[in-house]
Amino acid sequence: MTTVHAMQTKLEGLSAQEGLAWVAAQGLSVAFSTALGEEDQAITHMIATQRLNIRIVTLDTGRLFPETYDLWALTQSKYGLSIQAFFPDRARVEDFVNRHGINAFYDSVDHRKACCQLRKVEPLKRALDGAAVWVTGVRAAQSANRQQMKKVAWDAGMNLIKYNPLLDWSDADLRAYVQQYAIPVNTLHKKGFASIGCAPCTRAIAPGEDPRAGRWWWETSAKECGLHETKTSAAAAR
């Protein structure tokens with residue numbers, strides 16, 4: 001049985017491409033969750049060009065930018081692969097909106113987190129059902145919170161091994177890779193959008209602003225939606 005420690009020991013010495021290939025070859029069920037950000041597009045490229053046995057999933061919250069849907073379609077067409085969509089539970093979203101309003105996330109951090117829980121966290125749990133390894137595009141350079149994360153850890157919230165192959169990539173590393181392989185990215189990046197999520201909760205940033213400043217800009221929170229702030233352990237043996 002593959003343990004977190006064994007996987008961590010192996011993957012620390014491999015590049016992102018090599019690591020993904022190794023994980024895919026272990027006979028485990030592996031799922032990669034993409035939000036179609038630049039990091040995610042780089043990983044999708046690695047999976048597609050190496051023909052890796054890694055399932056690619058995404059969350060359609062119902063509030064995404066049109067540009068994100070366009071990139072989704074372009075990515076599937078370019079690489080000839082399927083990105084499996086997972087949607088929020090209709091009844092629960094309807095109940096939340098009818099009780100709190102269509103833009104309740106602006107009213108309080110609690111309402112915003114509740115909206116993220118309904119539209120992102122719960123669908124992700126369904127997307128990862130049955131998976132042993134969850135691959136993400138998290139990078140330490142994205143935020144102070146993510147600097148505390150490990151390349152490989154046990155995610156207690158999702159009950160599986162979480163692998164962040166690009167964790168130690170710098171902004172320059174990512175830009176160089178995207179340019180080298182002409183990887184399609186969201187056209188909103190050219191308009192000053194760094195981190196792109198739901199349309200009502202994302203804005204462009206000014207030069208010099210923190211990359212996460214454009215997410216939930218009206219808050220003074222940790223700027224996370226709940227997908228990447230669950231308790232993890234690099235030592236847990238599973």
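The values are calculated or read from the model by the stated rules, or taken from the named source; none is laboratory data. Because the structure is a prediction, the values reported are computed rather than measured. So basically every Cβ, Gly included, is an ideal-geometry build from the backbone, and we count neighbours across all protein chains shown.
Assorted remarks:
- Segment 1-51 - residue that is among the acidic types (Asp, Glu) and buried (at least 17 other Cβ atoms within 10 Å of the Cβ) and, of those, farthest from LYS125 (Cα to Cα): GLU38
- Only one of the listed residues (LEU20, LEU28, LEU36, LEU14) is farther than 20 Å from VAL178 by Cα and either touching a residue at least 60 places away in the same chain (Cβ under 8 Å) or part of a loop (DSSP other than H, G, I, E, B) (or both). That residue is LEU28.
- Residue within segment 135-148 that is at pLDDT 95 or above and over 24 Å from THR49 (Cβ atoms) present: no
- Residue ID - surrounded by the fewest Cβ atoms within 10 Å (Cβ to Cβ), chosen from residues in segment 170-196 that are more than 20 Å from LEU71 (Cβ to Cβ) and not aliphatic (A, V, I, L, M): SER170
- From the list THR75, THR68, THR58, the one residue that fits, being under 25 Å from GLY157 (Cα atoms), of a type in the set (Ser, Thr, Tyr) and either out of contact with any Lys or Arg (no Cβ under 6 Å at 6 or more places or on another chain) or touching a residue at least 24 places away in the same chain (Cβ under 8 Å) (or both), is THR58.
- Identity of the residue in segment 78-120, surrounded by 12 or more Cβ atoms within 10 Å (Cβ to Cβ) and basic (Lys, Arg), that ends up nearest to the chain's Cα centre (by Cα): LYS120
- Flag for VAL185 being over 21 Å from ASP60 (Cα atoms) and touching a helix residue (DSSP H, G or I) at 6+ places or on another chain (Cβ under 9 Å): no
- Residue in segment 41-52 that is part of a loop (DSSP other than H, G, I, E, B) and at pLDDT 95 or above present: yes
- The set of residues in segment 39-84 that are charged (D, E, K, R) and in contact with a strand residue (DSSP E or B) (Cβ under 7 Å, 6 or more places away or on another chain) comprises ARG55, ASP60, ARG63.
- Residues of segment 167-203 that are more than 19 Å from the chain's Cα centre (by Cα) and more than 23 Å from LYS78 (Cα to Cα): ALA172, LYS191, GLY192.
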